[in-house]
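Colleague: Dropping a structure here in structure tokens format, bear with me for questions.
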Amino acid sequence: MPADGEIEIKRGLNGVYFDSTKASFIDGEEGKLLYRGYNIHDLAENSTFEEVVYLLIYGKLPNRKELDDITAEIQASRDIPDYIYDIIRMVKDSHPMDVLRTAISALSASDPDAEDLSPEAITRIGLRLTAQAPTIVCAHHRISEGLSPVAPDSTLNHASNFLYMLKGEIPSDDEAKTLDVDFVLHAEHGANASAFAARVAAGTQTDFYSVVVAAISTLKGPSHGGAAESVMNVAIEIGDPENAREFAEKTLGSGGRIMGFGHRVYKTADPRARHLRERSQRLGEQYGDPKWFQILSALDAEMEPYQKRGIWANVDFFAGSIYHLFGIPKNLFISIFALGRIPGWTLQALEQYQNNILIRPLLNYTGEKDLKYIPIDERE
Ligand code: CMC
């Protein structure tokens, strides 16, 4: 046992490699992100979410037939059982992420394969949850608004069907493409906190539903998936690009953080942010509502001095403005992140189950030792 002074603690596991992966490669100094070897820019510009799901799960870009097959499988798997609608109604006043977590947990009850940890079962469940999670999120949103859920449309792609089930109207191709790009950009990201939680759960050889529940619970926090919602709150508070400087000075001057900036791994521009920045600007112009992009751009400009400290806008900075322009309420923003990330969690669980080791690090104990036990009646 090393003496106290010899223990090196890496708080937050910052900079620690705990295993190997073939899922994604991140170079935080260069601002580079690869899924299964392919650059995120190529995927965001040329691929659909369905293609990326195939790439992540099967490790290669699909040919036309393989893409058609996985698209059909996702489209055919969107329905959720009636008892899930009942559960959603029972917990409808909870945060959408809590409802998603609860509903996914409950889905295990109707899956005879729930305890099967074989790669085939995990792949099957991962694809089915990818398909069903949007149905849960949209059904909950509509039920909480006093509306009837909209049944999935098996002719639409993933992004289009999500917007359709949410609003009851088929989106334009461009709107659907913007959300499709957003899903692609959120699909996988190495040892981020929710994927790590997924791996910790899978490492105990618990079932895959429990793995996804652990991941959803972890994603919810504002230091991870919750940032897009916080950024939108900030944009609303700022209200006008001219107020961005005052807001930044006030927040940073009092030791606060600007949400949507900074990243544990990227010390340069987050490569994902570029695509959402462009989409936010374009959508704002198309909708005749460029204010949100202008406010965020003004805040981004105020944060320029922080770039030399490695603090840049991250993936969540412009995402919220896009969802807001789509008319999506702020409390749904993290759920959209979750919908995109399920394939990444699936792949990370597959890797963990296939080459498993219990993830069980150590804590350096700093409390008192060997205290004299005092019977309860003698305690002060
Ligand atoms: N605004 C101002 N200063 C910041 C920010 C920020 N957003 N982020 C980090 N810093 C400063 C921080 O104050 C600290 O300064 P100092 O060294 O003087 O104490 C320094 O940068 C390092 O911060 P840290 O918290 O030690 O770094 P970390 O790697 O633990 O932080 C982070 C990563 C994402 C938690 C943090 O940057 C943050 O809180 N950002 C805001 C929340 C956010 O946008 N989260 C979404 C992350 S991207 C989506 C995802 O993948 O989950």
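The values are calculated or read from the model by the stated rules, or taken from the named source; none is laboratory data. Just so we're clear, the structure is a prediction, and the values are computed from it rather than from any experiment. Using ideal geometry, Cβ is built from the backbone for each residue, glycine included, and neighbour counts are taken over all protein chains shown. Only protein heavy atoms, including side chains, enter the accessible area calculation; ligands, DNA and RNA are left aside. Shrake-Rupley method; radii C 1.70, N 1.55, O 1.52, S 1.80 Å.
Colleague: Tell me, what are the semi-axes, in whole angstrom and largest first, of the equivalent ellipsoid of the range 115-172 as set by the roots of 5 times the Cα gyration tensor eigenvalues? Can you show the working numbers first?
Modeller: Working: eigenvalues 135, 39, 9 Å².
Ellipsoid half-lengths, sorted descending, are 26, 14, 7 Å.
Colleague: Counting every Cα pair in the chain, what percent are over 29 Å apart?
Modeller: Everything past 29 Å amounts to 44 percent.
Colleague: Distance check, please: which entries in 250/291; 22/92; 177/250; 92/220; 220/369; 22/65 exceed 28 angstrom between their Cα atoms?
Modeller: The answer is 22/92; 177/250; 220/369.
Colleague: Still on this model: 222 nm [θ] for the chain, helices only, -39500 (n - 2.57) per DSSP H run of 4+, per residue, to 500?
Modeller: Mean residue ellipticity, 222 nm, calculated: -17000 deg cm²/dmol.
Colleague: In whole Å, largest first, what are the principal axis extents of the Cα atoms in the range 257-356?
Modeller: 49, 35, 21 Å, listed from the longest principal axis down.
Colleague: While we're looking at this one, here's another question. Select from 56, 252, 107 the residue whose mean-square fluctuation is largest in a Gaussian network model of the chain (Cα-Cα springs shorter than 10 Å).
Modeller: Looking only at 56, 252, 107, the largest GNM fluctuation is found for 252.
Colleague: Count neighbours as other Cβ atoms within 10 Å of each site's Cβ, and list the trypsin sites (Lys or Arg not before Pro) in the range 29-103 that are DSSP loop with at most 13 such neighbours.
Modeller: Counting only loop positions with at most 13 other Cβ atoms within 10 Å, the trypsin sites (Lys or Arg not before Pro) in the range 29-103 are 60.
Colleague: Something else now. What dipole magnitude, in Debye to the nearest 20, does the range 227-325 give about its Cα centre under +1 on Lys/Arg Cβ and -1 on Asp/Glu Cβ?
Modeller: Value, rounded to 20: 520 debye.
Colleague: Two-decimal Rg/Rh of the range 336-380 from alpha-carbon positions, Kirkwood Rh? Don't jump to the answer; show the numbers that get you there.
Modeller: On the way: Rg = 22.2 Å, Rh = 15.7 Å.
The Rg/Rh ratio comes out at 1.42.
Colleague: Would you mind counting up the charge near residue 178? Only other residues with Cβ under 15 Å from its Cβ, with Lys and Arg at +1 and Asp and Glu at -1. Could the numbers behind the result be given before it?
Modeller: On the way: positive: 167, 177, 272, 274, 277, 279, 282; negative: 45, 173, 174, 175, 180, 182, 278, 285, 289.
Spelling it out: positives minus negatives among the neighbours equals -2.
Colleague: Give me the 1.4 Å probe accessible area per residue for the chain, excluding ligands and nucleic acids, in Å².
Modeller: Here the residues of the chain average 49 Å² of exposed surface.
Colleague: Using mean Cβ contacts within 10 Å as the protection proxy, how do 133-145, 233-245, 5-17 order, highest first?
Modeller: 133-145, 233-245, 5-17
Colleague: On to the next question. Can you work out ³J(HN,Hα) from phi for every residue in the range 226-238, in order, using Karplus 6.51 cos²θ - 1.76 cosθ + 1.60 and θ = phi - 60°, giving whole Hz and x for Gly and Pro?
Modeller: Couplings: x, 5, 4, 5, 5, 4, 5, 4, 5, 4, 5, 4, 5 Hz.
Colleague: How much of the accessible area of the range 144-257, probe 1.4 Å, is carbon plus sulfur, in whole percent?
Modeller: On the way: 2170 of 4650 Å².
Percent of accessible area from carbon and sulfur atoms in the range 144-257: 47.
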